[in-house]
Amino acid sequence: MNIVRDGWAGEKLAADHLRQKGYAILETNYRTPAGEVDIIARDGDYTVFVEVKSRRHLDYGYPREAVGPQKQRRIKKVALYYMAGQKTEINCRFDVVEVLEMDGTEITHIENAFW
């Protein structure tokens, strides 16, 4: 059983999960003056900005519920920084990967989690 001890463990599990689904991991912990995004990946024609949320219990709700409007705006700003540095126009989307550690590790990947 994997134990999520901190965000890094959850991010590694999430990145491994995405790789297994055929995603190419482009960046991890990408930081800008506007903030940070956990994973930037490639899925076909899309550049995917992924927020990872990990929890060991549901006392504070599902991990995905922590990606509210303020966090979504911050991730979108980070995405704009990333896209501005690219040489070509890119299609993007925003996903959330939820890592829940209770009786085992449960990973839920929510594609197009927000716009």
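Quick notes
- Ranking of 100, 26 by count of other Cβ atoms within 10 Å, fewest first: 26, 100
- Which of 80, 67, 50, positive extreme of dipole for the stretch 29-102 (C-beta unit charges): 80
- Helix 7-20 vs. the chain, principal-axis angle (Cα, 0 to 90°, nearest 10): 70
- Separation of the residue 110 and residue 84 label points, Cα + 7 Å toward Cβ, nm: 2.8
- Computed [θ] at 222 nm, helices only, for the chain once each DSSP H run of length n ≥ 4 contributes -39500 (n - 2.57): -8500 deg cm²/dmol
- Here the residues 57, 17, ranked from fewest to most Cβ neighbours within 10 Å of their Cβ, fall in the order 57, 17.
- Available extension along the chain between residue 45 and residue 91 is 15.9 nm, counting 0.36 nm per residue and deducting the alpha carbon span.
- Near residue 26, once Lys and Arg are set to +1 and Asp and Glu to -1 for all other residues with Cβ below 13 Å from its Cβ, the sum equals -1.
- Approximating the spin labels as points 7 Å out from Cα along Cα→Cβ, the residue 27-to-residue 73 distance works out to 2.1 nm.
- Nearest-ten-degree value, helix 69-84 long axis tilted from longest Cα axis of the chain: 40
- Only the Cβ atoms of Lys and Arg (+1) and of Asp and Glu (-1) were treated as charged; on that basis the dipole of the stretch 7-105 about its Cα centre amounts to roughly 340 debye.
- The candidate values were [x] 39, 29, 26; [y] 59, 37, 22; [z] 45, 30, 21; the one computed from these coordinates for Cα extents along the principal axes in Å carries the label [z].
- What the Cβ-Cβ distance of residue 103 and residue 65 gives, at R0 = 30 Å and to the nearest 0.05, is a FRET efficiency of 0.90.
We did not get these values from a lab; they are worked out from the coordinates using the rules stated. Predicted, not measured: the structure shown is a model, and the values here were computed from it. Quick reminder, even Gly has a Cβ in these numbers, built from the backbone with ideal geometry, and neighbours come from all protein chains shown.
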